[in-house]
1. What percent does the relative contact order of chain A come to when contacts are Cα pairs within less than 8 Å and at least six residues apart?
2. Please label the shape of chain A as rounded, prolate or oblate, based on the square roots a ≥ b ≥ c of the eigenvalues of the alpha-carbon gyration tensor (a/c under 1.5 means rounded; beyond that, a/b larger than b/c means prolate, else oblate).
3. Can you pull out the GluC sites (Glu not before Pro) in segment A:6-76 that DSSP calls coil and that have at most 13 other Cβ atoms within 10 Å?
4. Springs between alpha-carbon pairs under 10 angstrom, Gaussian network model over chain B: which of B:30, B:81, B:64 fluctuates most?
5. Can you work out D for segment B:7-62 in µm² s⁻¹ from Stokes-Einstein, where Rh is the Kirkwood radius over C-alpha pairs, the temperature is 25 °C and the viscosity is 0.890 mPa s?
6. Which of rounded, prolate, oblate describes segment B:40-95, given a ≥ b ≥ c as roots of the alpha-carbon gyration tensor eigenvalues and a/c under 1.5 marking rounded, otherwise prolate only if a/b is larger than b/c?
7. Please work out how many pairs of lysine residues in chain B are eight or more positions apart (or on different chains) and have Cα atoms closer than 20 angstrom.
8. Tell me which GluC sites (Glu not before Pro) from segment B:1-100 have a DSSP coil assignment and no more than 16 other beta carbons within 10 Å of their own.
Amino acid sequence: MAERKTIDARGTFCPGPLMELIAGIKLLEVGDELEVLSSDKGSASDIPEWVNKVGHEMVSSTEEDGVWHIVVRKTK
Amino acid sequence: MSTSKISILVVSGSLERLQMAGMVASVGAVSGSEVTVFLSMNALQYFIKGSDTSAPAEGPFGDVMAQKNVPPFKSLFENAVELGDAKIYPCSMAMDVLDADAEDLESYLSEPLGLTKFLNDAADHQIWTF
């Protein structure tokens, strides 16, 4: 059963949220989803770039009150 | 995924340069590049266990950055190794000058390396200098 976990990386600057995402994704099973909360604008564009480059799947990226909710699905 | 090779030569002891070098190392390594870091001159001292890691800013950006919650530069280098399989080599000449042994250094560093080997290995890499 696929799970979704959340990492709260608000308040940290690039590349902190990306590093937290990568550390978190290593602990997941294929098919699981990870939601990263980030207040860093750069990370909101950098994380999808990384996800596309390494071949995971972007599920969604939404911004609410200055916080990005970026959801990634582990594919491998 | 591309397998580009990146060699990063770090000689500065300033906060901004160490931070940028750590950013390139970590993001490069986790994005599929083969990353090699060579630490020498003023950069190596920070990787001796127990050393003071408050690197001086070289400009106003560094002063502002020091007040923000950016990832510590040493964490970024450790991320590069732990999450991206980067190799970080202390320069053997700098080790001699500082009278440091391999066991004095942070455990995520690889064995000391000479400049000749670093240059040979870097022959087909992008080389970044900080």
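1. In percent, rounded to a whole number, it is 33.
2. prolate
3. Of the GluC sites (Glu not before Pro), the ones in loops of segment A:6-76 whose Cβ has at most 13 other Cβ atoms within 10 Å are A:29.
4. B:64
5. Rounded to a whole number, D works out at 207 µm²/s.
6. oblate
7. 6
8. Sites meeting the loop and neighbour criteria: B:58.
Every number here is computed from the coordinates shown, using simple stated rules; none is lab data. The model shown is predicted, which means the values in this text are computed figures rather than measured ones. No Cβ is skipped: glycine too gets one built from the backbone with ideal geometry, and neighbour counts run over all protein chains shown.
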